[in-house]
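Worksheet for the structure shown next.
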Amino acid sequence: MSFRVNLDQLVALLDATILNAQALHSSARLLLANKQFAPSVALCVLALEEIGKAMICDGLATALRGSDRSDLFEKKHSSHATKLSYLDLWPIFLSIFHSIDERRNEPGFDQLLVFW
């Protein structure tokens, strides 16, 4: 069975993965401040996986109907190794979003990239 998603569902999925990554990152910082190093690192890895999942989801946006990309997503979005491997592409992903974001010329926009 293939994973099927419409554009609204895809946007909601992307939003959820980014919000979850931010929440995990925030929690990891609190743990780090309290010298809870191992759980802090674990949450950081989970946050990175969420970013990888967002990148995998982004690939669905350009999938052609009937392609095997949705089947690939169904198999890969739950693989820890796959989600982390997508982070190799993160700088490229960010530069593309930076170049198309309408806010890129606003003061302070580059500071948004500090978290990412």
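The values are calculated or read from the model by the stated rules, or taken from the named source; none is laboratory data. All of these numbers come straight from a predicted model, not from anything done at the bench. All Cβ positions, even for glycine, are placed from backbone atoms using ideal geometry, and neighbour counts span all protein chains on display.
Scanning segment 34-49 for residues that are among the β-branched types (V, I, T) and in contact (Cβ under 8 Å) with a residue 24 or more places away in the chain yields one hit, V45. The condition of being in contact with a Cys (Cβ under 7 Å, 6 or more places away or on another chain) and more than 30 Å from N6 (Cβ to Cβ) holds for only one of A38, A28, that being A28. Each residue in segment 2-17 was checked for being of a type outside the set (S, T, Y) and at pLDDT 90 or above, and 1 pass.
A quick yes/no check of all residues on (1) within 23 Å of S79 (Cβ to Cβ); (2) not β-branched (V, I, T):
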| position | (1), (2) |
| --- | --- |
| L7 | no, yes |
| T17 | yes, no |
| N20 | yes, yes |
| K35 | no, yes |
| S40 | no, yes |
| L43 | yes, yes |
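Residues in segment 98-110 that are of a type outside the set (D, E, K, R) and loosely packed, with under 14 Cβ neighbours inside 10 Å were compared, and the one that is modelled with the lowest pLDDT is F109.
Looking at L84, L64, L113, L32, just one residue is in a helix (DSSP H, G or I), modelled with pLDDT under 75 and hydrophobic (A, V, I, L, M, F, W, C), and that residue is L113.
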